[in-house]
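S.K.: Pasting a structure below so you can have a look.
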Amino acid sequence: MRYISLCVFTFFISMLGAQQEKSPKLIIGIVVDQMCYDYLYRYYDRFGENGFKKLMNKGTNCRNTKYNYLPTYTGPGHASIYTGTTPDNHGIVANDWFDKTTRQSVNCVEDSLVTPIGTISGYGLFSPKNLKVNTITDQLKLTYPKAKVISMSIKNRGAILPGGHLSDGSYWYDFASGEFITSSFFASDLPNWVKLFNSEKHVANYMGKTWKTYYPIETYTASGPDDSPYERLLKGKSTPTFPYDLKEMTGIAVDYDLFTYTPFANTFLNDFAMAAIENEKLGQDNQTDMLCISFSTPDIAGHEFGPYSIEIEDMYIRLDIEIAKLISSLEEQVGENEFTLFLTADHAVVPVPQYLIDKKLPGGYFIKDEHIAKLRNSILQEYGDDFVLAVQNNNIYLDHDQIKLSTEFTKTELIKFVINEVSTWDHVKRVYSGTQLYLNAAKDNWMSMVKNGYHHEESGDVIFILEPGYLPKVSDVEANKQGTSHGSAFNYDTHVPLLWYGKNIRAQELLRSISITDIAATLAHLMYLQMPSALTGSPILELLED
C-alpha cells in the first residue's frame with residue numbers, strides 16, 4: 001500500500017510538473033483604454049515590425065471580438081476582461097453610479113476605509129471592494145499562492161480591477177505628485193523598487209519636453225486636419241494643434257494632470273512595467289505569474305481629440321514603439337518562448353457626433369438636462385412630487401422611501417409612467433424597467449446587452465439607451481460639441497482588438513464571434529486553473545489546440 005501511495009504521489013507530482021511546463025512562465029495582459037478595432041489597420045503602415053505588427057502577424061488575431069453588455073466604460077471593461085463575466089454578476093456597472101443608501105455618486109473602486117500608501121492625497125483611497133466576484137488573477141493566487149500578480153495603470157480602476165483582491169501589488173498614478181501609489185488594501189508600504197522609480201521624478205522631466213509628431217505632420221493622411229473644430233483645447237493652448245510645448249503650456253509648475261494627455265505617459269507606464277518584471281522577478285521560475293498593464297492615456301486624450309485626429313494617430317504610432325520595447329524586454333528577461341501576451345481594449349469610441357452631423361451621418365446630441373426637467377415636471381403634475389433622485393449612466397433612480405408613503409399609487413405604476421414618458425423622447429432607442437431586466441429573459445440583442453450590464457443593487461429603476469451616434473450632453477452649447485465619449489451597445493464602442501502572442505500561440509486569424517468574457521476562460525485553460533467564481537465566457541478553443 002505504501003508503494004502504491006508513493007507511485008500515486010509521484011504520478012501526481014509529475015503531472016503537475018508537466019502542466020507547469022506547458023504553462024507560460026509569465027502571462028501579460030495589456031488593455032489599451034479606448035482602442036478601436038480599425039486602428040490596427042488604419043495605422044498599420046505607420047507601425048514598426050516588432051510592435052502591433054508582430055502580434056498581428058506572428059500571433060492569433062481575434063478579429064471579431066465584442067463586448068456583450070453596456071455601458072462600455074473603463075471600470076466594467078476591465079472587470080469583465082479579468083472576471084470572465086458581465087456586470088450583472090461582477091457588479092461594476094459603470095465607472096461611477098448612484099448609491100441608493102448614501103444617495104451620492106460613488107466611484108467603482110473608491111474605498112474610504114483604506115489609507116493611501118505612497119501619498120497623503122485622496123488618490124490613494126481605492127480598492128476592489130465593490131468587485132463582487134473573483135478575477136482570473138485571484139484564481140491564480142488561490143491555486144498557487146507563490147504565483148505573483150502585479151497590476152498597474154494611470155487610472156486607479158485600470159490597475160485595481162485586473163489585479164483583483166489578492167494582488168501582490170496594484171499601482172496607479174497619483175495626480176497630486178506624479179508618482180505611482182497604492183492603498184493599504186494591498187500593502188503597508190511601497191516596495192523599494194517603486195520608491196526608487198518614484199524618486200527619479202520622471203514626470204517633471206517629461207513636462208519639460210515638447211510633444212511633436214513622430215513623422216512629418218504632412219504624412220498623417222489617416223487623420224483629419226490638425227486644426228480641427230471637433231477637438232477640445234488642452235490647457236495652455238489656443239488651438240488644438242502640434243506642437244505641444246508642455247513647458248510653455250504650464251510654466252514653472254509641473255502639471256501632473258496635463259501629463260496624462262501626452263504619449264509620454266504611455267512611456268512612463270511602460271518603463272514602470274519593465275521595472276516590475278525585473279525587480280519582482282516575474283517569470284523567473286516554473287510557477288506562472290501575471291502582469292496586468294492598462295494604458296489609460298489613449299482614452300484620456302481620445303475624449304479630447306476624437307478618433308480621426310492626428311493626435312490619436314501619433315499616440316498609437318508611439319504606443320506601437322512601447323509595445324515593441326516591452327516585447328523585447330520580455331524576450332530578454334523571461335525568454336522568447338516562455339511568456340504569453342494578450343492585448344485588447346476596455347471599449348472603443350464613437351466619432352465626434354458633430355462630425356457625424358456635418359457629414360450628414362446619423363448621430364448627434366441628447367440634451368439630458370432638458371429631458372430630465374420635463375420628466376420631473378410630468379411626474380410632479382401627475383403624482384404631486386417628482387420622485388427622481390438621480391439620473392446617471394442613463395439610469396433613472398426613483399425615491400423608494402417617498403413612494404412607499406403614497407396611498408394613491410404603487411412603485412410599479414410610477415415606473416410604468418416613467419417608461420411611457422421616456423419612450424416618447426427623441427433619439428431614445430429602448431427603455432426598460434429594472435424589474436423587467438432582473439426577472440425576464442431578454443427578447444432581443446439590445447435588451448440582452450442592457451440586461452448583462454444590469455445589477456439590481458447598483459442600477460436604476462428605469463434604464464434607457466440612445467440611438468446610434470448619439471451622446472448625452474448636459475446642455476446645448478458649442479463647447480459641448482467638441483470631443484467625444486463611449487458607453488453604448490453599438491459596434492463603434494463594442495468592437496475591439498484582441499491579439500495573442502507567445503508560448504504555444506500560433507499565427508492565425510479568427511473571424512468567428514468572440515466575447516470579451518472569453519479571455520479569462522481561455523487564460524484559465526492556459527494556466528490549468530479552475531474557472532473564476534462567476535465566469536460565463538467560453539474558452540477560445542483555437543488557442544488551446546495542439
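The values are calculated or read from the model by the stated rules, or taken from the named source; none is laboratory data. Note that this is a predicted model, so its numbers are computed, not measured. Neighbour counts run over all protein chains shown; Cβ positions are idealised from the backbone, glycine included.
S.K.: Residues I465, I415, I396: which one is more than 30 Å from the chain's Cα centre (by Cα), within 29 Å of C108 (Cα to Cα) and touching a residue at least 12 places away in the same chain (Cβ under 8 Å)? Spell out the reasoning first.
M.R.: Values: I465 fails: more than 30 Å from the chain's Cα centre (by Cα); I396 fails: more than 30 Å from the chain's Cα centre (by Cα).
That would be I415, the only listed residue that is more than 30 Å from the chain's Cα centre (by Cα), within 29 Å of C108 (Cα to Cα) and touching a residue at least 12 places away in the same chain (Cβ under 8 Å).
S.K.: Follow-up. Considering only the range 111-131, how many residues are surrounded by 18 or more Cβ atoms within 10 Å (Cβ to Cβ) and closer than 21 Å to G178 by Cβ?
M.R.: 8
S.K.: Hey, another quick one. Just give me the residues in the range 53-73 being in contact with a strand residue (DSSP E or B) (Cβ under 8 Å, 6 or more places away or on another chain), crowded, with 24+ Cβ neighbours inside 10 Å and more than 20 Å from S513 (Cβ to Cβ), in sequence order.
M.R.: Answer for the range 53-73, where residues must be in contact with a strand residue (DSSP E or B) (Cβ under 8 Å, 6 or more places away or on another chain), crowded, with 24+ Cβ neighbours inside 10 Å and more than 20 Å from S513 (Cβ to Cβ): just L55.
S.K.: When the residues of the range 160-179 are filtered to those that are surrounded by fewer than 24 Cβ atoms within 10 Å (Cβ to Cβ) and of a type in the set (G, A, S), which remaining residue is nearest to Y123 (Cα to Cα)?
M.R.: Here the answer is A176.
S.K.: A further question on this structure: Restricting attention to the range 430-459, and to residues there that are under 22 Å from the mean Cα position of the chain (by Cα) and small (G, A, S), which single residue is surrounded by the most Cβ atoms within 10 Å (Cβ to Cβ)?
M.R.: Among residues in the range 430-459 that are under 22 Å from the mean Cα position of the chain (by Cα) and small (G, A, S), the one surrounded by the most Cβ atoms within 10 Å (Cβ to Cβ) is G453.
S.K.: Look through the range 279-300, keep the residues that are in a helix (DSSP H, G or I) and in contact with a helix residue (DSSP H, G or I) (Cβ under 6 Å, 6 or more places away or on another chain), and return whichever of them is surrounded by the fewest Cβ atoms within 10 Å (Cβ to Cβ).
M.R.: N279
S.K.: Can you spot a residue in the range 244-259 that is within 30 Å of Y171 (Cβ to Cβ), in contact with a strand residue (DSSP E or B) (Cβ under 8 Å, 6 or more places away or on another chain) and part of a loop (DSSP other than H, G, I, E, B)?
M.R.: No; the residues of the range 244-259 include none that is within 30 Å of Y171 (Cβ to Cβ), in contact with a strand residue (DSSP E or B) (Cβ under 8 Å, 6 or more places away or on another chain) and part of a loop (DSSP other than H, G, I, E, B).
S.K.: Sticking with this one: Among the residues in the range 340-349, are any farther than 30 Å from T210 by Cα and aromatic (F, W, Y)?
M.R.: Yes, some residue in the range 340-349 is farther than 30 Å from T210 by Cα and aromatic (F, W, Y).
S.K.: Another question, then. Looking for whichever is closer than 20 Å to K368 by Cβ and aliphatic (A, V, I, L, M) here; the options are V462, V496. Which one fits? First the steps, then the outcome.
M.R.: Numbers: V496 fails: closer than 20 Å to K368 by Cβ.
Residue meeting the stated conditions: V462.
S.K.: Being hydrophobic (A, V, I, L, M, F, W, C), at pLDDT below 95 and touching a Lys or Arg at 6+ places or on another chain (Cβ under 8 Å) narrows it down to one residue among I327, I367; which is it?
M.R.: Values: I327 fails: at pLDDT below 95.
Being hydrophobic (A, V, I, L, M, F, W, C), at pLDDT below 95 and touching a Lys or Arg at 6+ places or on another chain (Cβ under 8 Å) holds for just one of I327, I367, which is I367.
S.K.: OK, next. Scan the range 74-93 and report the pairs whose first residue is under 18 Å from S127 (Cα atoms) and touching a residue at least 12 places away in the same chain (Cβ under 8 Å) and whose second residue is outside any loop (DSSP other than H, G, I, E, B) and of a type in the set (D, E, K, R), with Cβ atoms within less than 7 Å and a gap of 6+ or a chain change.
M.R.: T74/R157; T74/D299; G75/R157; H78/R157
S.K.: Follow-up question, since we're still on this one. Condition check: surrounded by fewer than 18 Cβ atoms within 10 Å (Cβ to Cβ), out of contact with any helix residue (DSSP H, G or I) (no Cβ under 6 Å at 6 or more places or on another chain) and either more than 28 Å from T137 (Cβ to Cβ) or not assigned by TED's automatic domain parsing to the domain that holds N68 (or both). Does S488 satisfy that?
M.R.: no
S.K.: Sticking with this one: Across the range 80-137, what is the number of residues that are within 23 Å of V388 (Cβ to Cβ) and among the hydroxyl-bearing types (S, T, Y)?
M.R.: Looking only at that region, the number is 3.
S.K.: Scan the range 10-67 for residues that are modelled with pLDDT under 95 and either in contact with a Ser or Thr (Cβ under 8 Å, 6 or more places away or on another chain) or not in a helix (DSSP H, G or I) (or both) and jot them down. Can you show your working first?
M.R.: Taking the range 10-67 and keeping what is modelled with pLDDT under 95, we get 10-23.
Hits for the range 10-67 are Q20, S23.
S.K.: Being touching a Phe, Trp or Tyr at 6+ places or on another chain (Cβ under 7 Å) and among the charged types (D, E, K, R) is the filter here, so list the residues in the range 101-133 that pass it.
M.R.: E110, D111
S.K.: Condition (residue is on the phi > 0 side of the Ramachandran plot, in contact (Cβ under 8 Å) with a residue 24 or more places away in the chain and touching a helix residue (DSSP H, G or I) at 6+ places or on another chain (Cβ under 9 Å)) applied to the range 129-142: is it met by at least one residue? Outline the logic, then answer.
M.R.: Restricting attention to the range 129-142, the residues satisfying the condition of being on the phi > 0 side of the Ramachandran plot are none.
So far as the range 129-142 goes, no, none of its residues is on the phi > 0 side of the Ramachandran plot, in contact (Cβ under 8 Å) with a residue 24 or more places away in the chain and touching a helix residue (DSSP H, G or I) at 6+ places or on another chain (Cβ under 9 Å).
S.K.: Please determine, by comparing only the residues of the range 353-406 that are under 25 Å from D96 (Cβ atoms) and basic (K, R), which one is surrounded by the fewest Cβ atoms within 10 Å (Cβ to Cβ). Spell out how you get there, then give the answer.
M.R.: Let us first name the residues in the range 353-406 that are under 25 Å from D96 (Cβ atoms), namely 353, 363-376, 379, 386-403.
Going one step further and asking which of them are basic (K, R), we end up with 368, 374, 376.
Numbers: K368: 15, K374: 13, R376: 15.
Filtering the range 353-406 for residues that are under 25 Å from D96 (Cβ atoms) and basic (K, R), the one surrounded by the fewest Cβ atoms within 10 Å (Cβ to Cβ) comes out as K374.
S.K.: For the range 108-121, give me each residue that is out of contact with any Pro (no Cβ under 7 Å at 6 or more places or on another chain) and under 20 Å from W97 (Cβ atoms).
M.R.: Residues of the range 108-121 out of contact with any Pro (no Cβ under 7 Å at 6 or more places or on another chain): 108, 110-121.
Passing the criteria: C108, E110, D111, S112, L113, V114.
S.K.: Looking at the range 112-146, which of its residues are in a loop (DSSP other than H, G, I, E, B) and within 19 Å of the chain's Cα centre (by Cα)?
M.R.: In the first step, residues of the range 112-146 are kept if they are in a loop (DSSP other than H, G, I, E, B); the result is 112-115, 118-121, 125, 127-135, 144-146.
Across the range 112-146, the qualifying residues are S127, P128, K129, N130, L131, K132, V133, N134, T135.
S.K.: Which pairs do you get when a residue that is closer than 30 Å to L466 by Cα, found in the range 489-514, comes within reach of a residue that is in a helix (DSSP H, G or I), reach meaning Cβ atoms under 7 angstrom, with the pair 6+ apart or on two chains?
M.R.: These pairs meet every condition: A489/W446; A489/M449; P497/L40.
S.K.: Just name the residue that is nearest to S228 (Cα to Cα) out of those in the range 284-325 that are free of Cβ contacts under 8 Å to residues at least 60 places away in the same chain and not charged (D, E, K, R).
M.R.: Residues of the range 284-325 that are free of Cβ contacts under 8 Å to residues at least 60 places away in the same chain, as a first pass: 301, 315, 325.
Cutting the leftovers down to not charged (D, E, K, R) gives us 301, 315.
Values: A301: 15, M315: 17 Å.
Checking each candidate, the answer is A301.
S.K.: Another question about this same structure. Considering only residues that are under 17 Å from E231 (Cβ atoms) and either in contact with a strand residue (DSSP E or B) (Cβ under 7 Å, 6 or more places away or on another chain) or at pLDDT 95 or above (or both), which ones fall in the range 469-480? Talk me through it step by step, then tell me what you get.
M.R.: Taking the range 469-480 first, the residues under 17 Å from E231 (Cβ atoms) are 471, 473, 477-480.
L471, K473, N480 - these are the residues of the range 469-480 that are under 17 Å from E231 (Cβ atoms) and either in contact with a strand residue (DSSP E or B) (Cβ under 7 Å, 6 or more places away or on another chain) or at pLDDT 95 or above (or both).
Residues checked against (1) over 30 Å from T60 (Cα atoms); (2) part of a helix (DSSP H, G or I):
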| site | (1), (2) |
| --- | --- |
| E336 | no, no |
| L341 | no, no |
| V349 | no, no |
| A390 | yes, no |
| F409 | yes, no |
| E413 | yes, yes |
